[in-house]
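The values are calculated or read from the model by the stated rules, or taken from the named source; none is laboratory data. All of these numbers come straight from a predicted model, not from anything done at the bench. Cβ sites come from the backbone with ideal geometry, for glycine too, and all protein chains shown count toward neighbours. Heads up: the accessible areas ignore ligands, DNA and RNA and are worked out on the full protein's heavy atoms, side chains in. Shrake-Rupley method; radii C 1.70, N 1.55, O 1.52, S 1.80 Å.
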Amino acid sequence: MRWRSFVAVGDSFTEGMDDAYPDGTYRGWADLVAARLAVEAGPDFGYANLAIRGRLFASVVDEQVPAALAMRPDLVSFAAGGNDVLRRNFDAQGLTRRFDQVIRDFREAGADVLVFRFADVMSRLPGQRMMAPRVAMLNQAVGETAQRYGAKLVDLFADDVFLHPELWSEDRLHLSAAGHRRVAGHVLAALGLAPDEQWLVVPPEPAPTPWLAARGADLRWAGQHLAPWIKRRLTGRSSGDTVTAKRPVLSPFSD
């Protein structure tokens with residue numbers, strides 16, 4: 001099938017952090033997929049990316065989903081909830097109920113839908129004992145909903161290559177350029193399209209880091225990334241407070 005329009009919905013994962021274009025904006029897996037879909041569909045192809053970093057699940061649903069539905073796209077990607085699992089007041093049941101409704105609404109509108117089981121990012125972050133069960137619960141709900149409504153499931157959690165540090169940026173939370181390319185490869189495969197083989201090449205294993213150097217890296221990470229994140233939580237701010245969607249309307253894609 002040739003999809004003539006693609007709308008990407010979500011947070012920083014779909015916005016494309018930290019895969020930067022030369023001008024400082026972000027590319028990410030969704031732009032890579034859109035580029036391939038544009039080649040398949042021809043000049044009438046339209047692409048919108050509504051994703052904004054830092055958005056919680058409820059904000060994505062309330063702000064982006066109605067806009068995406070109004071565009072009546074052939075293909076939608078929906079990935080949200082990763083920011084919610086990091087919050088104390090995480091409501092797993094409420095989130096999974098709304099997730100089910102969102103996917104049902106997109107499918108009833110006639111769109112093919114891409115959904116994601118999240119990669120195991122928690123193995124590299126503090127708080128794993130509390131957060132990992134939440135991620136597992138969310139991933140299970142995604143899989144069940146995909147099966148229920150015939151959505152296309154991209155199972156990143158099943159790919160152990162995402163445990164490789166080169167697929168993650170310095171903040172240990174967002175994907176690197178290599179990570180986004182691997183996600184794009186999985187997405188294209190889920191759509192029945194052959195990905196660029198280079199996107200799925202497994203990076204060589206890094207040399208072991210001496211204990212003292214590793215602890216020094218942990219301290220630098222805490223100062224540069226963890227402390228600012230905690231400050232934003234305490235002050236009720238988000239990294240996306242002043243950010244708008246990079247492609248808010250359907251338009252021809254050019255990389």
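Just a few scattered comments:
- When segment 151-201 is limited to residues that are surrounded by fewer than 18 Cβ atoms within 10 Å (Cβ to Cβ) and among the basic types (Lys, Arg), the one that is nearest to GLY223 (Cα to Cα) turns out to be ARG172.
- Unique residue being at negative phi and in a helix (DSSP H, G or I) when the list is VAL202, VAL102: VAL102
- Taken over segment 35-66, the criterion of being in a helix (DSSP H, G or I) and either open to solvent by 40 Å² or more (accessible area, probe 1.4 Å) or under 16 Å from ALA177 (Cα atoms) (or both) is satisfied by ALA35, ARG36, VAL39, GLU40, ALA58, ASP62, GLU63, PRO66.
- Residue match in segment 70-89 (condition: surrounded by 17 or more Cβ atoms within 10 Å (Cβ to Cβ), over 25 Å from ASP31 (Cβ atoms) and out of contact with any strand residue (DSSP E or B) (no Cβ under 6 Å at 6 or more places or on another chain)): yes
- Enumeration of residues in segment 233-255 that are modelled with pLDDT of 65 or more and assigned to a helix (DSSP H, G or I): THR235
- Summed over segment 179-197, residues that are at pLDDT below 95 and within 18 Å of THR25 (Cα to Cα) total 0.
- Enumeration of residues in segment 133-159 that are touching a residue at least 12 places away in the same chain (Cβ under 8 Å) and part of a helix (DSSP H, G or I): ARG134, VAL135, MET137, LEU138, ASN139, ALA141, VAL142, GLY143, THR145, ALA146, ARG148, TYR149
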